[in-house]
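Let me begin by presenting the structure, written as structure tokens, before commenting on it.
The values are calculated or read from the model by the stated rules, or taken from the named source; none is laboratory data. Every value quoted in this text rests on a predicted model; they were computed, and no experiment measured them. Cβ placement follows ideal geometry from the backbone for every residue including glycine, while neighbour counts extend to all protein chains displayed. Quick note on the areas: whole protein, heavy atoms, side chains included, nothing else; ligands and nucleic acids left out. Shrake-Rupley method; radii C 1.70, N 1.55, O 1.52, S 1.80 Å.
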Amino acid sequence: MKLSTIWLWIAAALAMVIALTSYRYVMPGMPGAAANVLANRFTSTGALVVHVAFAATALALGALQLFPRLRARWPTWHRRAGTVYVIACMIGGAAGLVLALGTTAGPIGTAGFGALALLWIGCTAQAWRFAKARDFISHRRWMIRSYALTFAAVTLRIYLPIAIMARLDIGPAYQAISFLCWVPNLIVAELWLRFGQGVRTSRPLAAPSQSRG
């Protein structure tokens, strides 16, 4: 098994675990518990529940889309799941922007999480636009960027325990994490797009006869 494939499996496994465990925050009685973990002035509006529900859905669906064989074998499923992914990113990103404006981490936290939300929406919209235009190479490149930002849900949950175990001041640490959870992800995605194999050329996501209509 290639090293890149191993990393894909690790990333997909982490994404699925985080997605499935995050759904507990949408259960009755859980928003209050979520507020204790992630203080936010707009939690009472339901923005956190909406964000978690749709971001977790995007995280899980995106993990399944990482594997080329799965996309090639079930193109119809790929398109339908991709549509749900785009909708989930848009709604999750909009709710995330609301939460960024209500964060108690100050202007730095607002800037970090706000930029994440805007870029997440923007990259996903670009991926959708290129898919509709049947430019599947550009679609794939923008979708990789989109999922790198979706994966911030995973890296956020890696950095937070590290900050706690290192006994860092959680305020400044959380401000730093508001950028660290997604900037390195996007850098890695860009490096992979530039130097990775099989990125510059790509087979259509579905046969022409299947993708019409």
Among rounded, prolate and oblate, which fits segment 47-188 when a ≥ b ≥ c are the square roots of the eigenvalues of its C-alpha gyration tensor, a/c under 1.5 means rounded, and a/b larger than b/c means prolate?
prolate
Starting from the Kirkwood radius over alpha-carbon pairs of segment 47-88, derive D by Stokes-Einstein at 20 °C in a medium of 1.002 mPa s and give it in µm² s⁻¹.
202
Considering only protein heavy atoms, with the full assembly of protein chains and a 1.4 angstrom probe, order W182, W7, W77 by accessible area, largest first.
W7, W77, W182
Could you look at segment 87-156 and say what percent of its accessible area is carbon and sulfur, using a 1.4 Å probe and all protein chains?
75
Tilt of helix 183-195 relative to the longest C-alpha principal axis of the chain, in degrees (0 to 90, nearest 10)?
20
Just the accessible area per residue of the chain, please: how many Å² with a 1.4 Å probe?
55
So D169 and L70, fully extended at 0.36 nm per residue minus their Cα-Cα distance, gain in nm 31.3 nm
How would R134, R79, R194 line up by accessible area, probe 1.4 Å, largest first?
R194, R134, R79
Dipole magnitude of the chain, debye to nearest 20 (Cβ charges: Lys/Arg +1, Asp/Glu -1, about Cα centre)
980
Helix-only CD estimate at 222 nm, as mean residue ellipticity for the chain, using -39500 (n - 2.57) per DSSP H run (n ≥ 4):
-25000 deg cm²/dmol
Which length gain, in nm to one decimal place, applies between K132 and L118 when the Cα-Cα distance is subtracted from 0.36 nm times their residue separation?
2.9 nm
Any chance you could look up the accessible area of R145 with a 1.4 Å probe, heavy atoms only, rounded to 10 Å²?
30
